[in-house]
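Right, one structure below, let's go through it.
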Amino acid sequence: KIKACLFDLDGVIVDTAKYHFLAWKKLADELGISFSEENNELLKGVSRMQSLEIILNLGKKTLTDDEKLRFADKKNQVYLDQIYRMKADELLPGAKEFIEEIKQSGIKVALGSASKNAPLILQQLEIEDMFDAIVDGNEVTEAKPDPEVFLKGASALQVEPQNCVVFEDAIAGVEAAKNAGMVCIGIGDPATLSQADHVIPGFEGFRLSNLINLFED
Ligand code: B16
Ligand code: MG
């Protein structure tokens, strides 16, 4: 029985991946590292510092810890410039409607994001009051695929993991949900998210009845 739904933020509720990409690309250019949209897939759901490590590995570059912090901060400033300009119309189609529908049916709703900027993003999208619990990059110590972010969400909602459904767009995030013992609905490409229990293209036209049907056959 579904008692709670946990939502990833970037790539599920809003397409901030494009802003992350632009900001990392700028930094990679500065470091003389070539960085493509394909490489960007590796960064989805991964923390800021780990994302930097992945880029440095791509370019076979080493930096001191101080330099790493400085570059990560620089990337974040470029990213934030975009986020401050973001408006509620950048919510992905159908996401808000789906969350409102499941809430009305009594299902609890939590956010489970790796982003330290999640509170600001929710504010920009005017949906900060929509969640019964919010767990983001400021509260977790272990990054996805570790299940910590989703287990904390379930415990805040006082729902057992087996009664939770996670919506995720990233490979690391799907793994985190499965590691938490939860059902996972992938958002995006079925081939990429092959570990998810089901994959849907997005929330457009997706209703609670569709979610329930997925588990009836
Ligand atoms: P920040 P999610 C993740 O958010 C993004 O997918 C990932 O690309 C990003 O590096 C990470 O947040 C950290 O973000 O730099 O804002 O703390 O998909 O887990 O909602
Ligand atoms: Mg994501």
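Readers should treat all values here as calculations from the given coordinates under stated rules, not as data from a laboratory. Please read all numbers here as calculations on a predicted model, not as lab measurements. Every residue, glycine among them, receives a Cβ derived from its backbone with ideal geometry; neighbour counts consider all protein chains shown.
The angle between the Cα long axis of helix 148-157 and the longest principal axis of the Cα atoms of the chain comes to about 40 degrees, rounded to the nearest 10. Compute the acute angle (0 to 90°) between the alpha-carbon long axis of helix 48-58 and the principal axis of greatest extent of the alpha-carbon atoms of the chain; round to the nearest 10°. Its long axis makes an angle of about 50 degrees. Taking the square roots of five times each eigenvalue of the Cα gyration tensor of segment 1-51, the equivalent ellipsoid has semi-axes of 28, 10, 8 Å, listed largest first. Take the alpha carbon gyration tensor of segment 94-204, find the square roots of its eigenvalues, order them as a ≥ b ≥ c, and report rounded if a/c is under 1.5; if not, report prolate when a/b exceeds b/c, else oblate. Rounded shape, in that the Cα axes give a/c under 1.5. Based on the reciprocal of the average 1/r between different C-alpha atoms, the Kirkwood radius for the chain equals 17.6 Å. A 29 angstrom limit on the alpha carbon distance is what I want to check against. Which of K44/K96; K75/K103; K3/K74; K26/K152; K3/K44; K74/K178 exceed it? Violating the 29 Å limit, Cα to Cα: K75/K103; K3/K74; K26/K152; K74/K178. Would you mind estimating how fast segment 151-210 diffuses translationally, via Stokes-Einstein at 4 °C and 1.567 mPa s with the Kirkwood radius over Cα pairs, in µm²/s? Taking Rh from Cα pairs, D becomes 110 µm²/s.
Between the Cα long axis of helix 95-104 and the first principal axis of the chain there is an angle of about 40°, rounded to the nearest 10. Computed over the chain, the per-residue total of -39500 (n - 2.57) for DSSP H runs of n ≥ 4 gives a 222 nm mean residue ellipticity of -12500 deg cm²/dmol, rounded to 500. Magnitude of the charge dipole for the chain, about its Cα centre and with charges confined to Cβ atoms of Lys, Arg (+1) and Asp, Glu (-1), is about 340 debye. Applying 1/(1 + (r/R0)^6) with r as the Cβ-Cβ distance of L120 and S155 and R0 = 25 angstrom yields a FRET efficiency of 0.55. Dipole check for segment 109-194: with +1 at the C-beta of Lys and Arg, -1 at the C-beta of Asp and Glu, and the Cα centre as origin, the magnitude is about 160 Debye.
For labels at N138 and E37 in the simple 7 Å Cα→Cβ model, what's the distance in nm? Here the modelled spin labels are 3.3 nm apart.
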